[in-house]
Amino acid sequence: MTFTSPADVRERLAAVDYLADDAIATTVYLAAALGKPLLVEGPAGVGKTELAKAVAAITDARLVRLQCYEGLDEPRALYEWNYKKQLLRIQAAGDQSWSATHDDIFTEEFLLERPLLAAIRRTDPTVLLIDETDKADVEVEGLLLEVLSDFQVTIPELGTITAARRPFVVLTSNATRELSEALKRRCLYLHLDYPSPDRERDIVRARVPGIDEALAGRLAQVVAALRELELKKAPSIAETIDWARTLLALGLDRLDGDAIAATLGVVLKHRSDQDRALKEVVHGDAAAR
């Protein structure tokens with residue numbers, strides 16, 4: 001996976017409607033050039049996961065995704081054995097010696113690949129997305145350190161499997177907890193935040209063909225105002241795009257107070273957030289006028 005320059009990254013990402021700034025383009029270029037994992041941190045909904053998907057799209061790579069969560073363990077992240085199938089084989093072995101049966105059941109036929117092993121074993125271009133790393137338990141970081149240091153996995157029954165072709169690795173974090181310094185040392189770091197209204201307007205226009213520039217600009221300004229409020233969940237970029245598509249579907253060419261009130265559920269999914277937005281953004285905007 002190669003890029004000729006940060007400008008090349010930026011142009012190719014733009015071709016799949018991911019509008020990257022200089023920091024994004026430069027960091028993606030360096031991660032590919034140096035063969036280093038890329039840790040992308042920032043609030044939920046700023047485009048961290050979409051960046052991995054976009055890199056996979058522009059490089060014709062397969063996206064392999066490990067979704068992290070509390071309780072994630074090695075068998076779900078790396079590999080496990082198909083115990084039910086192994087049991088059936090043991091039962092069918094009859095009087096065969098245990099040594100022969102053991103060698104028979106711990107083979108590729110009974111191995112269940114999970115995302116980390118699948119990415120290591122692939123010989124075609126691969127983007128490994130380790131999503132929401134901060135939601136996993138600390139123990140999972142130790143597993144990631146082993147895999148990302150040498151890009152190899154040791155399976156006691158089969159030996160060590162080393163990546164024939166290193167995947168492009170993207171780890172995302174919403175910063176709900178601090179990741180270990182050991183993990184961070186192995187990665188390049190990129191922080192993403194919500195885009196400026198002008199940039200979000202451009203994102204909306206790229207992702208929602210046919211929307212009027214003025215409407216896209218008004219939409220981006222309203223979303224920026226919503227994000228300034230103390231909400232349980234600020235609108236993501238994806239929800240801004242959904243809101244734009246909603247307005248088009250309804251045939252609305254203005255985002256006035258009535259339109260906001262009628263469609264606010266597209267971007268705010270908590271009643272208390274909607275009440276606050278109606279009071280401080282919609283009514284406040286009307287009063288200002």
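The values are calculated or read from the model by the stated rules, or taken from the named source; none is laboratory data. Here the structure is a predicted model, which is why all the values come from computation and not from measurement. Virtual Cβ from ideal backbone geometry, glycine too; neighbours counted across all protein chains shown. Please note that ligands, DNA and RNA were not included when accessible areas were found on the heavy atoms of the full protein model with its side chains. Shrake-Rupley method; radii C 1.70, N 1.55, O 1.52, S 1.80 Å.
Out of all the residues in the range 100-114, is one or more touching a strand residue (DSSP E or B) at 6+ places or on another chain (Cβ under 9 Å), at positive phi and at pLDDT 85 or above? No, the conditions are met nowhere in the range 100-114. Among residues of the range 267-289 that are modelled with pLDDT of 75 or more, those with a Cβ under 9 angstrom from a residue that is among the aromatic types (Phe, Trp, Tyr), sequence gap 6+ or separate chain, pair up as VAL267/TRP243.
Name every residue in the range 114-138 that is surrounded by 16 or more Cβ atoms within 10 Å (Cβ to Cβ) and not in a helix (DSSP H, G or I), in order of residue number. I'd like the intermediate steps shown before the answer.
Applying the first criterion (surrounded by 16 or more Cβ atoms within 10 Å (Cβ to Cβ)) to the range 114-138 yields 114-122, 126-136.
Once the filter is applied, which keeps residues that are surrounded by 16 or more Cβ atoms within 10 Å (Cβ to Cβ) and not in a helix (DSSP H, G or I), the range 114-138 yields ARG114, ARG122, THR126, VAL127, LEU128, LEU129, ILE130, ASP131, GLU132, ALA136.
One residue stands out among those in the range 58-115 that are within 30 Å of THR4 (Cβ to Cβ) and of a type in the set (Lys, Arg): the one that is farthest from the chain's Cα centre (by Cα), which is ARG62.
Kindly establish whether GLU50 is of a type in the set (Asp, Glu), at pLDDT 90 or above and touching a Phe, Trp or Tyr at 6+ places or on another chain (Cβ under 8 Å). Steps first, please.
Details: of a type in the set (Asp, Glu): yes; at pLDDT 90 or above: yes; touching a Phe, Trp or Tyr at 6+ places or on another chain (Cβ under 8 Å): yes.
Against the criterion (of a type in the set (Asp, Glu), at pLDDT 90 or above and touching a Phe, Trp or Tyr at 6+ places or on another chain (Cβ under 8 Å)), GLU50 qualifies.
Looking at the range 59-96, which of its residues are open to solvent by less than 20 Å² (accessible area, probe 1.4 Å) and β-branched (Val, Ile, Thr)? Within the range 59-96, just VAL64 meets the criteria.
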